[in-house]
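Enquirer: To start, I am sharing the structure in question, which I have written as structure tokens.
The values are calculated or read from the model by the stated rules, or taken from the named source; none is laboratory data. Given the structure is predicted, the values throughout are model-derived calculations rather than measurements. As a convention, Cβ positions derive from the backbone with ideal geometry for all residues, glycine included, and neighbour counts pool all protein chains shown. Calculation scope for accessible area: heavy atoms of the full protein, side chains included, ligands and nucleic acids excluded. Shrake-Rupley method; radii C 1.70, N 1.55, O 1.52, S 1.80 Å.
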Amino acid sequence: MADITVRPMLASDADRVLTIYQAGLDAGNASFETTAPTWAAFDVAKLAEHRFVAVEGDDTLLGWIAVSRTSNRAVYAGVVEHSVYVDPAAQGRGVARLLLQTLIASTEAAGIWTIQSGVFPENTASLALHERAGFRVIGVRERIGRHHGRWRDVVLLERRSPAIT
């Protein structure tokens with residue numbers, strides 16, 4: 001993992017970010033979405049200061065992480081929802097862990113006290129990753145939506161920053 005670094009996401013990363021996003025969607029356990037958004041839609045939805053990519057030495061993009069606001073209400077200014085996606089060929093190399101560590105440091109430095117996410121229960125690798133990063137399960141939304149014609153549950157996770165009290 002020494003050759004993997006994390007840097008801010010750039011507009012020039014768009015094609016690769018969206019390709020990795022689509023690969024995750026195609027695998028079937030990442031999201032209710034079935035098609036990655038356009039870069040314009042992604043760019044509007046994700047907070048620019050908390051978007052990162054993991055790259056290998058030659059700048060080959062292996063994965064990405066980004067957050068969106070959960071609400072425009074001032075009381076929720078310190079709460080974001082994140083997404084993390086890794087190229088299938090790079091899975092199991094610690095890429096998601098490195099991205100999540102970077103995001104946690106970034107959000108805490110910005111005064112964000114809660115990162116949340118929803119994960120399909122079948123995505124056991126993601127659930128384990130989040131548990132190791134200090135996330136806790138806060139509940140399960142049962143049969144919350146249909147995905148490819150079947151009802152799916154979503155495990156709700158959150159990480160409260162111990163540094164922001």
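Enquirer: Can you find a residue that is open to solvent by 20 Å² or more (accessible area, probe 1.4 Å), within 26 Å of residue 160 (Cβ to Cβ) and hydroxyl-bearing (Ser, Thr, Tyr) anywhere in the stretch 93-105?
Expert: So far as the stretch 93-105 goes, yes, one or more of its residues are open to solvent by 20 Å² or more (accessible area, probe 1.4 Å), within 26 Å of residue 160 (Cβ to Cβ) and hydroxyl-bearing (Ser, Thr, Tyr).
Enquirer: If I go through the stretch 62-72 residue by residue, how many of them are open to solvent by 80 Å² or more (accessible area, probe 1.4 Å) and at pLDDT 95 or above?
Expert: So the answer is 1.
The rows are residues; the columns are (1) on the phi > 0 side of the Ramachandran plot; (2) part of a strand (DSSP E or B); (3) touching a helix residue (DSSP H, G or I) at 6+ places or on another chain (Cβ under 6 Å).
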{"position": "65", "(1), (2), (3)": "no, yes, yes"}
{"position": "108", "(1), (2), (3)": "no, no, no"}
{"position": "118", "(1), (2), (3)": "no, yes, no"}
{"position": "139", "(1), (2), (3)": "yes, yes, no"}
{"position": "142", "(1), (2), (3)": "no, yes, no"}
{"position": "151", "(1), (2), (3)": "no, yes, no"}
{"position": "156", "(1), (2), (3)": "no, yes, no"}
{"position": "162", "(1), (2), (3)": "no, no, no"}
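Enquirer: Among the candidates 14, 23, 41, which residue alone is more than 19 Å from residue 102 (Cβ to Cβ), part of a helix (DSSP H, G or I), open to solvent by less than 20 Å² (accessible area, probe 1.4 Å) and of a type outside the set (Ser, Thr, Tyr)?
Expert: Only one candidate passes the filter, namely 14.
Enquirer: For residue 59, only one of the following conditions fails: (1) open to solvent by 70 Å² or more (accessible area, probe 1.4 Å); (2) of a type in the set (D, E, K, R); (3) modelled with pLDDT of 95 or more. What is its number?
Expert: Residue 59 satisfies every listed condition except (3).
Enquirer: If we keep just the residues of the stretch 140-155 that are among the aliphatic types (A, V, I, L, M) and surrounded by fewer than 16 Cβ atoms within 10 Å (Cβ to Cβ), which is nearest to residue 124 (Cα to Cα)?
Expert: 140
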